[in-house]
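Scroll down for the structure; my scribbles are underneath it.
Throughout, read-outs are computed from the coordinates displayed, never taken from laboratory work. All values reported here derive from a predicted model rather than from experimental measurement. So basically every Cβ, Gly included, is an ideal-geometry build from the backbone, and we count neighbours across all protein chains shown.
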Amino acid sequence: MGKLLLIEDNVLLQETTTELLEAFGHQVYTADSGKKALAVMGDHAQEIDLIMLDLSLPDISGENLLGELIRLYPGQKVVLCTGSLVDEHLRQHPAVKGFLAKPFDFGELRNTIELALGG
């Protein structure tokens, strides 16, 4: 299985999603802000197979963080997670391997992550 970075500022959603991902066999690093996400990537970039990125963060827009992560770590795979509409240009970004609309269920999460890791 893979090593994932879950960037999510909602504590309950972060904890629940982490538990599900770990039940699927993944190792999960977490961050609740863009600043923390960049720090985790700085420490673990060579290990992380996939980033799950919430587009609504307290300190930076998800779109700006996506750009920064890809600039620093080209080739990194990303799944976007949001409760809002996503601009088509974000969906078409080469790094974006999947999309999860909140609230997502167990099956959607599992399928999206498996496809993103495989693609």
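Short-range pairs are left out: with C-alpha atoms under 8 Å and at least six residues apart, the relative contact order of the chain is 23 percent.
Could you work out the local net charge near Val28, counting Lys and Arg as +1, Asp and Glu as -1, over the other residues with Cβ closer than 10 Å to its Cβ? Present the calculation step by step, with values, prior to reporting the outcome.
Details: positive: Lys3; negative: Glu19, Glu22.
Computed value for this residue: -1.
Seen from Ala45, the other residues with C-beta closer than 15 Å to its C-beta sum to a net charge of 0, counting Lys and Arg as +1 and Asp and Glu as -1. For Asp9, the shell of other residues with beta-carbons less than 15 Å away shows a net charge of -2, using +1 for Lys and Arg and -1 for Asp and Glu. The radius of gyration of the Cα set in the chain, together with its Dmax, comes out at 12.6, 33 angstrom.
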